[in-house]
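Trainee: What follows is a structure written as structure tokens; I'll ask about it next.
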Amino acid sequence: MGPNPQKTSPRIILHLDMDSFYASVEMQKRPEIRGKPVVIGADPKNGKGRGVVATCSYEARAFGIRSAMPISQAFSLCPHAVFLPPDFSLYARTSSEIMTCLRGFGFLFQQVSIDEAFLDLSPLGSFSAAGVLAREIKTSIRTATGLSCSAGVAPTKIVAKIASDFQKPDGLTVVEEGQAASFLAPLPVRKIPGIGKKSEQELNGIGIRSIGDLAAYDVQKLITIFGRGGIALHEIALGIDDSEVQERDGMKSVSRETTFEQDTDDLATLVFVLDSLVEDVHRDLVGEELRFRTVTVKIRYEGFVTRTRAKTLMHYTDSKRMLRSSAQDLLRILWGGNSVRLIGLRVSSLEKTDACQMTLDSSGSQEPFS
Ligand SMILES: [Mg+2]
């Protein structure tokens, strides 16, 4: 018998995620804060501040500080931490450098957030070759920016994403074809992107703690409990995921989304994160000399229930203020007060900007909170 003509080479997907991105960028900019607990977010005002932690360094995490935690709580956990307001334009510039570096490797590429991307390394033909390249990519990002990242290589996008989170920071985890289900099995269900505290509790309540428990569970019962989301959950647990690495459809739309580390029902947090998406999307628009007319906000609740709401403006614009106010209006209309797992922003109905009509968006200076 000759080789099986049906045999196809494996899909090999790389997911790359920068390590505590905003905090690491701040440490590059201000070497004097390196190694210290750094908290980026709202002004703590000596413990009386409102608002939340956007992100924090690993040193701050050691004090129990987490993303989306009230800034007052972060302050009481570690009053001597360095508290900084976010400098989104700096993060966006650094992100572009990273993404340019990643694109330069010449594989199918998909940026999924300011500090995360997928590459389709299938043309390499083997997981060992992909592992070697992943190491090279990590080195070249460090050389270009001084920053570390974690990478996951796997046969599917979701497993690659879970793998990149497996050995943070500065990790590399390779899950070869046929090993996905056994890699996932011992992990807690919370490691599945989209599973928040509430879904986790529901799953725990029916005896499902690990992803392996979920894979072994009767899919009909999952459907009874989670609706159509139950099928998706079960497939994820089995390592089944056919979604492709998709290059951005450049001229049709520009979008970004963020998945919260913890679900949140805090409006200030939602607005804060939406503002960071506004910064990212607007930077891309200006970079590609585009103006938009339609703004869409997407919210995903627990259990994969997703809602979107769009608004089309009278005129094309590249105004960041207009983008921000439209996005915030849509969020207020859309959001019903439930815990949010993911928030996304898209602009569409795009046209090229005339060079003479470019608007200038000045960015303010950024000082540490005193
Ligand atoms: Mg990251």
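Trainee: Average projected area of the Cα convex hull of the chain, in nm²?
Mentor: 20.9 nm²
Trainee: If you don't mind, another one. In Å, what is the Rg of the alpha-carbon atoms in region 1-147, and how long is Dmax?
Mentor: When restricted to Cα atoms, region 1-147 yields Rg and Dmax of 19.7, 75 Å.
Trainee: Further, regarding this structure: Tell me the relative contact order for the chain as a rounded percent, counting alpha carbon contacts under 8 Å between residues six or more apart.
Mentor: Worked out over the chain, it gives 16 percent.
Trainee: Is the shape of region 21-86 rounded, prolate or oblate, going by the alpha carbon gyration tensor and its root eigenvalues a ≥ b ≥ c, with a/c under 1.5 for rounded and a/b larger than b/c for prolate?
Mentor: It comes out prolate by the Cα gyration axes.
Trainee: Here is a further query. Within 11 Å, Cβ to Cβ, of residue 329, how many net charges do the neighbouring residues add up to if Lys/Arg are +1 and Asp/Glu are -1?
Mentor: +4
Trainee: If packing is taken as the average number of other Cβ atoms within 10 Å across a peptide's residues, how do 126-135, 47-56 rank, most packed first?
Mentor: Highest-to-lowest ranking by the protection proxy: 47-56, 126-135.
Trainee: Another question, then. Report the net charge of residues surrounding residue 307, where surrounding means a beta-carbon distance below 10 angstrom and charges are Lys +1, Arg +1, Asp -1, Glu -1.
Mentor: In short, +3.
Trainee: Where the eigenvalues come from the Cα gyration tensor of region 63-105, what are the semi-axes √(5λ) of the equivalent ellipsoid, largest first, in whole Å?
Mentor: 32, 11, 8
Trainee: Can you work out D for region 181-237 in µm² s⁻¹ from Stokes-Einstein, where Rh is the Kirkwood radius over C-alpha pairs, the temperature is 4 °C and the viscosity is 1.567 mPa s?
Mentor: 119 µm²/s
Trainee: Taking the Cα centre of the chain as origin, sum charge times position over the Cβ atoms of Lys and Arg (+1) and Asp and Glu (-1), and report the length of that vector in debye to the nearest 20.
Mentor: It comes to approximately 600 debye.
Trainee: Are there GluC sites (Glu not before Pro) in region 156-261 that DSSP marks as loop and that have at most 16 other Cβ atoms within 10 Å, and which are they?
Mentor: 177, 244, 247
Trainee: Report the charge-dipole magnitude of region 181-237 in Debye, nearest 20, computed about the Cα centre from +1 at each Lys and Arg Cβ and -1 at each Asp and Glu Cβ.
Mentor: 180 debye
Trainee: Still on this structure, please answer the following. Using just the alpha carbons, could you tell me how many Å³ per residue the convex hull of region 253-354 encloses?
Mentor: In region 253-354, the Cα convex hull volume per residue is 83 Å³.
Trainee: Under 8 Å for C-alpha pairs, at least 6 residues apart: give me the relative contact order for region 253-354, rounded to a whole percent.
Mentor: Computed value for region 253-354: 46 percent relative contact order.
Trainee: Could I ask something else about it? Restricting to Cα pairs below 8 Å that are 6+ residues apart, what does the relative contact order work out to for region 181-237? Please round to a whole percent.
Mentor: With pairs under 8 Å counted, the relative contact order is 36 percent.
Trainee: A follow-up question, please. Report the Stokes-Einstein translational diffusion coefficient (µm² s⁻¹, integer) for region 134-189, Rh taken as the Kirkwood radius over Cα pairs, at 20 °C with viscosity 1.002 mPa s.
Mentor: 183 µm²/s
Trainee: Rounded to the nearest Å, what's the spacing between the alpha carbon centres of region 283-308 and region 174-206? Just the number, please.
Mentor: Cα centroid of region 283-308 versus Cα centroid of region 174-206: 28 Å apart.
Trainee: Further question: Which of the listed residues, 184, 194, 208, is farthest toward the dipole's positive end in region 181-237, when Lys, Arg count +1 and Asp, Glu count -1 at the beta-carbon?
Mentor: Towards the positive end, the residue furthest out is 194.
Trainee: Also, quick follow-up: At 222 nm, what value in deg cm²/dmol follows for the chain if DSSP H runs of at least 4 each add -39500 (n - 2.57) and the sum is divided by all its residues, to the nearest 500?
Mentor: Helices in the chain give a 222 nm mean residue ellipticity of -11000 deg cm²/dmol.
Trainee: Next question, about the same structure. How big is the charge dipole of region 207-290 about its Cα centre, in debye rounded to the nearest 20, if each Lys and Arg gets +1 on its Cβ and each Asp and Glu gets -1 on its Cβ?
Mentor: Charge dipole of region 207-290: 380 debye, to the nearest 20.
Trainee: Which entries in the list 29/320; 138/197; 252/311 go over 21 Å, if you measure between the two C-alpha atoms of each?
Mentor: 29/320; 138/197
Values quoted throughout were computed directly from the atomic coordinates according to the rules given, and no laboratory measurement underlies them. Computed from a predicted model, the values in this text were never measured in an experiment. Don't worry about glycine lacking a Cβ; one is built from the backbone with ideal geometry, like all the others, and counts go over all protein chains shown.
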